[in-house]
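The values are calculated or read from the model by the stated rules, or taken from the named source; none is laboratory data. These numbers come from a predicted model, not from an experiment. Here the Cβ is made from the backbone with ideal geometry for all residues, glycine too, and neighbour counts use every protein chain on show.
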Amino acid sequence: MSSKVTTQNKNTYLGAIEAGGTKIICAIATPQGEILTQTRFPTCDPESTLQEAVHFFQKNLPLDSSLTSLGIGTFGPAGVNPALPNYGEILATPKQGWQGANLIKPFTNAFPGLKITIDTDVNAAALGEGINGAAKDLDSYVYITIGTGIGGGVVINNQIIKGHLHPEIGHISIHQEKSDTYTGACPFHANCIEGLASGEAIFQRWGQKAENLPPEHPAWELQSTYLASLCQTLTAVLSPQRIILGGGVMQQSHLLPLIQQKFLTKSANYWQLPPDYIITPKLGTQSGIIGAIQLAM
Ligand code: ADP
Ligand code: ZN
């Protein structure tokens, strides 16, 4: 999917990586953030995956130019605090082989002096949507992905929220419906929001992938109940101006109106929020890589 770039009108470039649990996107951009070329490939073991990313930059960087900085939005949990020794490392992930993987070394070995900025994939996606997407012109918003797992990035007063680690919105504890006897998909907490409402949870509970469940299937009633509860918790804790719900599962266009309606009922319209308070992303699958470019900038 990648193509060699031959233009030579600029001699420094930015690199960006969105490292997801199932796929990696790499891009080369101008210092102004314009994407020149990008590629995607599956996430395999850390060594071969990171080497493939290094090769992408080596092969596609225009002649006589250099990569000055690299922004990486990664799946988590990951060390994202530059002041800590675990900066740039994948932490306690159930993803085979990745715990302790160092995301910085393969790139600084190949490109000495490269400046690297690392954050979570969802924080990067939040930044991307803030630049030119669903949160353009807002200073406080939340980006949630409902994909294989659930994750979220939070921007408040134009700052990405990070503390001891980074927010782990997928692991928020949530009230499980009495009618729902499914044990939950999270290997750590069973029935946290990721355990109850991720794509993997849908698949395990109903025995079918989310994309194959028809709109009238009872899965969607339950799914929208859980996601509306999540939105209520986020609203009560963070008071964002908008909540953006992305990820594969949200591609079911009947799901958003169900969530919006249930959120209003659950929260008893307590906050008097605008109709477009809960929406889907505007940048589609590009939010994360655009945010990673922003990290590099
Ligand atoms: P990932 O989370 O792996 O990075 P995605 O955001 O694409 O990637 O999420 C994958 C999950 O979304 C899977 O559980 C899959 O079943 C579900 N999914 C993918 N496409 C759709 C769709 N069109 N409708 C509903 N669910 C989908
Ligand atoms: Zn959990």
Conditions (1) at positive phi; (2) at pLDDT 95 or above: number failed by residue 234: (1)
Unique residue being in contact with a Cys (Cβ under 6 Å, 6 or more places away or on another chain) and buried (at least 23 other Cβ atoms within 10 Å of the Cβ) when the list is 195, 170, 152: 195
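Residues checked against (1) over 26 Å from residue 248 (Cα atoms); (2) of a type in the set (D, E, K, R); (3) touching an Asp or Glu at 6+ places or on another chain (Cβ under 8 Å):
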| site | (1), (2), (3) |
| --- | --- |
| 14 | yes, no, no |
| 32 | yes, no, no |
| 50 | no, no, no |
| 53 | no, no, no |
| 57 | yes, no, no |
| 73 | no, no, yes |
| 100 | yes, no, yes |
Qualifying residue in region 160-177 (condition: without any contact (Cβ under 8 Å) to a residue 60 or more places away in the chain, on the phi < 0 side of the Ramachandran plot, in contact with a Phe, Trp or Tyr (Cβ under 9 Å, 6 or more places away or on another chain) and away from ligand 2 (no atom under 16 Å from the Cβ)): yes
Within region 230-272, considering residues that are in a loop (DSSP other than H, G, I, E, B) and not small (Gly, Ala, Ser), the one nearest to ligand 1 (Cβ to nearest atom): 252
Scan of region 189-226 for residues that are within 16 Å of ligand 2 (Cβ to nearest atom), over 20 Å from residue 144 (Cα atoms) and not charged (D, E, K, R), ordered by number: 204
Tally of residues being touching a residue at least 40 places away in the same chain (Cβ under 8 Å), of a type in the set (S, T, N, Q) and surrounded by fewer than 16 Cβ atoms within 10 Å (Cβ to Cβ) across region 22-42: 1
Any helices (runs of 4 or more DSSP H) falling wholly within region 120-229 and containing at least 2 residues that are within 11 Å of ligand 1 (Cβ to nearest atom), over 22 Å from residue 264 (Cα atoms) and modelled with pLDDT of 95 or more: 121-132, 199-206
